[in-house]
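Enquirer: Right, I'll just put the structure down here and ask away after.
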Amino acid sequence: MKYIRRIIDEEIDRRVRAFNAINIVGPKGCGKTRTAKERCSTVIEFQDEEKRDAYLSVAETAPALLLKNPKPILFDEWQDAPKIWGTIRKACDDHPDAAGEYYLTGSTGKRPDIPHTGTGRISEIQLYPMTLYETGESNGSVSLSKLFEDDHYSIDGAISNVNLEDLFFAVCRGGWPRCLSIEDHDAKLEIARDYYRQICNRDISSIDGVKRNNEWTRTILWSYARNMATLAKKSVIYADIKATQSISDPTIASYISVLENLFVLRDLDAWTPQLRSKTAIRSGKKHIFVDPSIGLAALGISPDYFNNDLDLFGHAFENLILRDLLVFAEAQGARVMHYRDDTGLEADAVYQLSDGRYALIEIKTGMNAVAAAEKGLLKFNQLIDAHNAEALKNKEHPGVIYRKPSLLIVICANAPMAYTTENGVKVIPAGCLRN
């Protein structure tokens, strides 16, 4: 299958000019090995059954020998041979002028015990499942990064070719590259379902060799799926799990930690500007899956289910867009957060660049929700204007001035066309969005 260039490839291109080693992490099946292979002359796969024993023997006794192969060299699932990390780190120290000679890939965020972190030598990049733009649902006619950089960039009139049924299928299928090589439409759904089964039956224990309960894992993923893209409190999720399972809070926490290390679950932090001195900001995390298809597989849901449950689709669609924003952010050096206070003022996503500029984003299923979403986003500007005016009243000792958002955006599932409202809010169809 021909390699489809990923959004993160551009960031990798930048990193290899500064670092001699790149560590690509992310969930199993998201394309880490293939992405690295495209750049490497030598591929050493520690999970290749025919060569595994030989590789591991050399890596344990004389790991420097593996570095004598033609470069660049890929060490796939390097955590199976942890001495490789220190060997590469030393090679980076010994050859400070070299760049892009070593690539490492791994499907777990938990590193084995290693004496050195690799800071300043080995740069880490996270790869996610493919975005709607990479899988072809989005035509990419609206660029988020260009909206930040070009004040004259117009999105108006960009047409979306994707409908709700397409998105029903996309959230269940997920962004797994393997799907693109499968011709049978329904068979594409089996990739996420099998991934879910592997998490419960194998990965939950194989990550560190600790035997864990498959049914507890299923129940935890089921509960997270029921609370997908929400700010549900930990106590609510724990109670949900314990309603059917005899399991302690510390054990639940340990399982969740493992699922995070496997890049299955991901929590988004709250954006916490003090917009109102008397308003409590909800600092809880928003719970999402690294790909919504995992959660939907946990619920046993197929695309047709959403014909009668648009509310659940709304949560899955939000998770889908947040996944794509995380991909864009990884490539742009940005952060993705969320905001909500106790008055109900909220932004489903806050996309913040490293220089402090940010976009406030609402994610909606139907066009009928755009007007309310626009009203909420505009309220942010009103509050910031009011705060700044108050802060500047005392000219000798002015208060803190808050930066206004660079962009106000509504991403809509079934919008047929991108447009800018009279108030300057950008309405972008999911079928047009790209980095």
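The values are calculated or read from the model by the stated rules, or taken from the named source; none is laboratory data. What you see is a predicted model, and the numbers here were worked out from it, not measured in a lab. Reconstructed Cβ throughout: ideal geometry from the backbone, glycine too, with neighbour counts over all protein chains shown. The area values use the complete protein model at the heavy-atom level, side chains included, leaving out ligands, DNA and RNA. Shrake-Rupley method; radii C 1.70, N 1.55, O 1.52, S 1.80 Å.
Enquirer: For the range 1-21, name all the residues that are surrounded by 20 or more Cβ atoms within 10 Å (Cβ to Cβ), under 25 Å from Pro96 (Cα atoms) and in contact with a Gly (Cβ under 8 Å, 6 or more places away or on another chain).
Expert: Phe19, Asn20, Ala21
Enquirer: Take the range 379-414 and flag every residue that is of a type in the set (A, V, I, L, M, F, W, C) and either open to solvent by 40 Å² or more (accessible area, probe 1.4 Å) or farther than 23 Å from Phe317 by Cβ (or both).
Expert: Those that are of a type in the set (A, V, I, L, M, F, W, C) and either open to solvent by 40 Å² or more (accessible area, probe 1.4 Å) or farther than 23 Å from Phe317 by Cβ (or both): Leu383, Ile384, Ala386, Ala389, Ala391, Leu392, Val400, Ile401.
Enquirer: Related question: Kindly state which helices (runs of 4 or more DSSP H) lie completely within the range 82-181 and contain at least 1 residues that are modelled with pLDDT under 95.
Expert: 83-94
Enquirer: Would you pick out the residues in the range 164-197 that are open to solvent by 70 Å² or more (accessible area, probe 1.4 Å) and not charged (D, E, K, R)?
Expert: Result: His185, single match.
Enquirer: Pairs only if they're at least six apart or on different chains, beta carbon under 9 angstrom, first in the range 127-149 and over 19 Å from Ala413 (Cα atoms) and in contact (Cβ under 8 Å) with a residue 24 or more places away in the chain, second open to solvent by less than 20 Å² (accessible area, probe 1.4 Å) and charged (D, E, K, R); list them, first residue then second.
Expert: Leu127/Arg6; Leu127/Lys32; Tyr128/Asp291; Tyr128/Arg323; Tyr128/Asp324; Pro129/Asp291; Pro129/Arg323
Enquirer: While we're on this one: Among (1) open to solvent by 50 Å² or more (accessible area, probe 1.4 Å); (2) within 30 Å of Tyr196 (Cα to Cα); (3) not acidic (Asp, Glu), there is one condition Trp85 misses while meeting the rest; what is its number?
Expert: So Trp85 meets the others, but not (1).
Enquirer: Write out, first by first residue and then by second, each pair whose Cβ atoms fall under 9 Å of each other, whose residues are 6+ apart or on separate chains, and whose first residue, in the range 395-413, is in a loop (DSSP other than H, G, I, E, B) while the second is among the aromatic types (Phe, Trp, Tyr) and surrounded by 11 or more Cβ atoms within 10 Å (Cβ to Cβ).
Expert: Cβ pairs passing all conditions: Arg403/Tyr358; Lys404/Phe380; Pro405/Tyr358; Pro405/Phe380; Ser406/Phe148; Ser406/Tyr358; Ala413/Phe313; Ala413/Phe317.
Enquirer: To continue, here is another question. Kindly establish whether Ile24 is outside any helix (DSSP H, G or I), out of contact with any Asp or Glu (no Cβ under 6 Å at 6 or more places or on another chain), closer than 29 Å to Arg266 by Cβ and open to solvent by 20 Å² or more (accessible area, probe 1.4 Å).
Expert: Answer is no for this residue.
Enquirer: Can you find a residue in the range 213-229 that is modelled with pLDDT under 95 and either open to solvent by 20 Å² or more (accessible area, probe 1.4 Å) or under 15 Å from Gly295 (Cα atoms) (or both)?
Expert: No, because not a single residue in the range 213-229 is modelled with pLDDT under 95 and either open to solvent by 20 Å² or more (accessible area, probe 1.4 Å) or under 15 Å from Gly295 (Cα atoms) (or both).
Enquirer: Quick check on Val58: is it outside any loop (DSSP other than H, G, I, E, B), open to solvent by 20 Å² or more (accessible area, probe 1.4 Å) and without any contact (Cβ under 8 Å) to a residue 24 or more places away in the chain?
Expert: Against the criterion (outside any loop (DSSP other than H, G, I, E, B), open to solvent by 20 Å² or more (accessible area, probe 1.4 Å) and without any contact (Cβ under 8 Å) to a residue 24 or more places away in the chain), Val58 qualifies.
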